[in-house]
Each structure stands twice: as C-alpha cells, then as structure tokens.
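The values are calculated or read from the model by the stated rules, or taken from the named source; none is laboratory data. In this text the structure is predicted, and so the values were computed from the model without any measurement. Cβ atoms come from the backbone with ideal geometry, glycine included; neighbour counts cover every protein chain shown. The accessibility values were calculated without ligands, DNA or RNA, using every heavy atom of the protein model including side chains. Shrake-Rupley method; radii C 1.70, N 1.55, O 1.52, S 1.80 Å.
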Amino acid sequence: MDMENKNPKKMISRTKAVVACILCLLLGGVAAFGGVWAALGSDGITLLQANRLITEKFVGDYDETAHREATMEAMVDSLGDRWSYYLTPQEYQQVQDTRSNSYVGIGVTVSRDEPDGLLILSVTQGGPAQEAGLTAGEIIRAVDGTPVTEETREDCVTAIKGAEGTTVRLEVEGTDGLCRTVEVERRTVRGITAAWEMVAGNVGHITIQNFYSGTADLVRQGVEELTAQGAKALVLDVRNNPGGYVTELTEILDLLLPEGDIFISRSYDGKEKVYTSDGACVDLPLAVLVNGDSYSAAEFLAAQLRESAGAVVAGTRTCGKGYSQMLYRLYDGSAIGLSTARYYTGGGESLIGVGLEPDPAVELTEEAKARLLVGELPYEEDLQLQAAIKALDLGE
C-alpha cells in the first residue's frame, strides 16, 4: 500500500543542498563547515570516507554506477524489512508508469520467469498489442532482433517501450509453438484495472488488478452497472493483486461500507490518521476472493469488508503485510521505498505477519492457478469463486 512523496521537487532541492555541502567539505576541509560535518554523524562520515577511499585508492577497475546501486540496495536490505526497497533510476520510472496506470508502450504485462523469453501474462484491451494479434500465453523471444536471454532480459523489456508513434519488432512464439514476427506501434496505453461480469445468473463478479490511479472510479462503474442489471450479491476478486494507493482503497471501502472507521494509519513519528466511511453504501451481500499473492490494499480490503459488513472471504491465506511505504526520489533519479507507517482495520486489527485466513479455504490446482494468472480461468472451473458464491447462501 505504497504512498507517494507529496513534493518531490522540494526533496530534490534539499538533496542538492546536502550534496553541495558534502562536496565543500571534501574539497575545503572540516574547518569551514564543521557544523555540517558534525551534523552528518559518525555513520555518515564513515560512509563518505569509505567511498572516497574506494574512489581514490582502489587499484582495480569497477563500474561506479553498479557499485553505487549495490551499496544503496545493501543499505535497504540490511533493514530486514521485506517491504522496503531500492529502485534504480530506470526501475523508478517504470514504477511511476505502472502506478499511473497510463504509459507509452504496447499494452502487455510480461513475466520474467520464462527462460530465454518474456511470457505475456495479459494484453490490454484495445491496446496496440491486442490490435497486432498478441495474446496471453505467447512468448516474446526477441525484441528488435535481440534475443531475450538472462543477460539481455531487462534491456529487452526497456526496448519494448519507447517514443509514442514509433514501432518495435517482436519475435513471438505462439501457444502452438510456431514463431512469427510482429511489428507493434507504441502508443499511450491506459490500463484497465477493474473488469466485471455477471456469473451464476445473478452474482456480480468484479476483478480488481491493482489499487493505483483510476481503479476506484472503475470499481464504482462496475458496481453501478451490475446493480442496475439486478445483481443480488457482489464478489470482489483481488487474487494476485499487488496493492496500491490508500486513497483508491478507502474510496472503494467508502463506496461499499456503511458509516464507520475503515482504515487507521500510525506513522513513524507517532501520528495517527483515521479514515472513515459515510452512511451511503451498497446494500448487497459481499464476498472477496484472495490468495497468497493478495498484497497490501488487496488483503486489507478483504479484512475490512469482513469486519464491517460480514463479507465472505474465500481462497487461500494472504501474505500478511501491515506496513505502508513512502517512495523517496533521490538525487540521481533512483529512489528508496521505506516502510514509514503501520496500518490497522477500523477495529484495530493488524495483518502483520498473520495475513487473512479465508473461510471457506479453497486451493486451486497448479493448472488453474496458471490460467487464473492470465485471465483464462472460466467460472465453471474456478472452485474458489464457486465456493464464495455458495457461502453467500443466496437461497437459490
């Protein structure tokens, strides 16, 4: 449930000032800037000293950028917090694009786990990739003539992106094993982060892919359309959902829940913020589908709906994340995401290290999990969705 730095320009200005002071210290000595030197503390001085020794004394060749990035990553890893992270400048830009749910590209989500290829997990509806005939389950084997290997994988992912209006040439292996060359135009792509359908005759099924920009508006649209169609219950599907923004989460909770506290945040400085819902709500039985890859806002949605509205929670145990992060952009364009607050349900429950235990608890086969991940698991074979509807006990 990442929360953005509200004023990155001010942060950059402050960083520039600190860097300028450090440079003056290194060039002009301690005497003129003793106050700033003392403010750095022994740890800061030690880090600067070690870096200066490596820069000036090390006899071998090394990649300065790789050295700096490895140092930053090690600093964050040493915190022992699985939710804090370091991003290179390229990774930071990718994350920003992802969170805006709008970017210049071809409209595919890929997995990096495929040997010598990029497995297409999903294709954005109406995007350039879909228009070019790409489908989920196919594998990108080369990008503009460069084969996808362990060594070139990240470069290939970057190469798929580019300036709007330009094209990229992909070598694609279809699900039938045959390869073809596809040329795709890069355009601005708006991610579809929520989709809905009526299942089992009168149950509205809303799939939420993440909780980043624009998701709450789409969920509201889905709820309105499904209720207008006569839905007698709603199932919100947050399986394989990585989470997102508190603002999107609380808007969705406010839409669904009656008046009351729906989210509590307690930050590193002891400040507490309580989010509330008004009296307007969706007066329908609710269920939520979760699994081990329902993170942050996803598992919290399920916990709060169960706490406030008695919602059915079906699937498998969630990950147990109860920290929110702030993403701080650094001077060189990289960034650090730090856990800066703990969060709780309106009733004070924390999910840290515990997660959410579904009832009914239902496991999918490995084949069904793979099909769910690429959006190709039909209702008739989705045992978790069927179990949730049965537990709703609609009397039909």
* Structure fact -> In this structure, among Lys232/Lys271; Lys273/Lys321; Lys321/Lys369; Lys232/Lys369; Lys271/Lys321, pairs with alpha-carbon gaps over 29 Å are Lys232/Lys271
* Please compute P(r) over all alpha-carbon pairs of region 109-249, binned at 5 Å starting from zero, and give each bin as a whole-number percent. => 2, 9, 15, 17, 15, 14, 11, 8, 5, 2, 0
* Asked: What does the convex hull of the Cα atoms come to per residue for region 86-127, in Å³?
  -> 97
* Viscosity 1.002 mPa s, temperature 20 °C: Stokes-Einstein D of region 135-178 from its Kirkwood Cα radius, in µm² per second? -> 192
* Asked: Restricting to the chain, what percent of DSSP beta bridges are antiparallel, rounded to 5?
  -> 75
* Can you tell me the alpha carbon radius of gyration of the chain divided by the globular rule-of-thumb value 2.2 N^0.38 Å? => 1.13
* Asked: Two-decimal Rg/Rh of region 192-237 from alpha-carbon positions, Kirkwood Rh?
  -> 0.97
* Structure fact -> In nm², the average projected area of the convex hull spanned by the Cα atoms of region 254-396 is 11.2
* Return the sequence-ordered ³J(HN,Hα) values of region 51-66 in whole Hz as given by the Karplus equation 6.51 cos²θ - 1.76 cosθ + 1.60 applied to θ = phi - 60°, using x for Gly and Pro. => 5, 5, 4, 4, 4, 9, 10, 5, 7, x, 8, 7, 8, 4, 5, 4
* Relative intensity, log₁₀ I(q)/I(0), of region 34-132 from a Debye sum that treats every alpha carbon as a point, q = 0.22 Å⁻¹ -> -1.25
* Structure fact -> Share of Cα-Cα pairs in region 322-379 beyond 14 Å, whole percent, is 74
* To do: May I ask you to order 267-279, 312-324 by the average number of other C-beta atoms within 10 Å around their residues, highest value first?
  => 312-324, 267-279
* To do: Counting residues in region 296-348 as N, plug N into 2.2 N^0.38 Å and put the Cα Rg over that result.
  => 1.51
* Asked: Do any trypsin sites (Lys or Arg not before Pro) in region 74-117 lie in a loop, going by DSSP, with at most 15 other beta-carbon atoms within 10 Å of their beta carbon, and if so which?
  -> Arg82, Arg112
* Asked: Quick one: what does P(r) look like for region 251-309 with 10 Å bins over all Cα pairs, in whole %?
  -> 21, 48, 26, 4
* Calculated SAXS-style log₁₀ I(q)/I(0) at q = 0.14, 0.19, 0.26 Å⁻¹ - region 203-291, Debye, Cα scatterers -> -0.53, -0.92, -1.42
* Asked: Can you give the helix-only mean residue ellipticity at 222 nm for the chain, where every DSSP H stretch with n ≥ 4 adds -39500 (n - 2.57) and the sum goes over all residues, rounded to the nearest 500 deg cm²/dmol?
  -> -11000 deg cm²/dmol
* Structure fact -> With every protein chain kept in place and a 1.4 Å probe, the chain has an accessible area per residue in Å² of 50
* Asked: For labels at Glu150 and Arg220 in the simple 7 Å Cα→Cβ model, what's the distance in nm?
  -> 4.9
* Please determine, in degrees from 0 to 90 and to the nearest 10, the orientation of helix 8-28 with respect to the longest principal axis defined by the Cα atoms of the chain, where the helix direction is its Cα long axis. => 20
* Can you figure out the FRET efficiency of Leu178 with Glu366, using R₀ = 22 Å and their beta-carbon distance, to the nearest 0.05? => 0.30
* Quote the FRET efficiency, to the nearest 0.05, computed for Gln130 versus Leu394 with a Förster distance R0 of 41 Å and r equal to the Cβ-Cβ distance. => 0.70
* Label-to-label distance, nm, for residues given as Ala50 and Thr158 (7 Å Cα→Cβ offset) -> 2.7
* To do: Put one equal scatterer on each alpha carbon of region 54-188, apply the Debye formula with no solvent term, and list log10 I(q)/I(0) at q = 0.21 1/Å to two decimals.
  => -1.24
* Hey, with R₀ at 25 Å, roughly what FRET efficiency would Tyr328 and Lys271 work out to, going by the Cβ-Cβ distance, to 0.05? -> 0.90
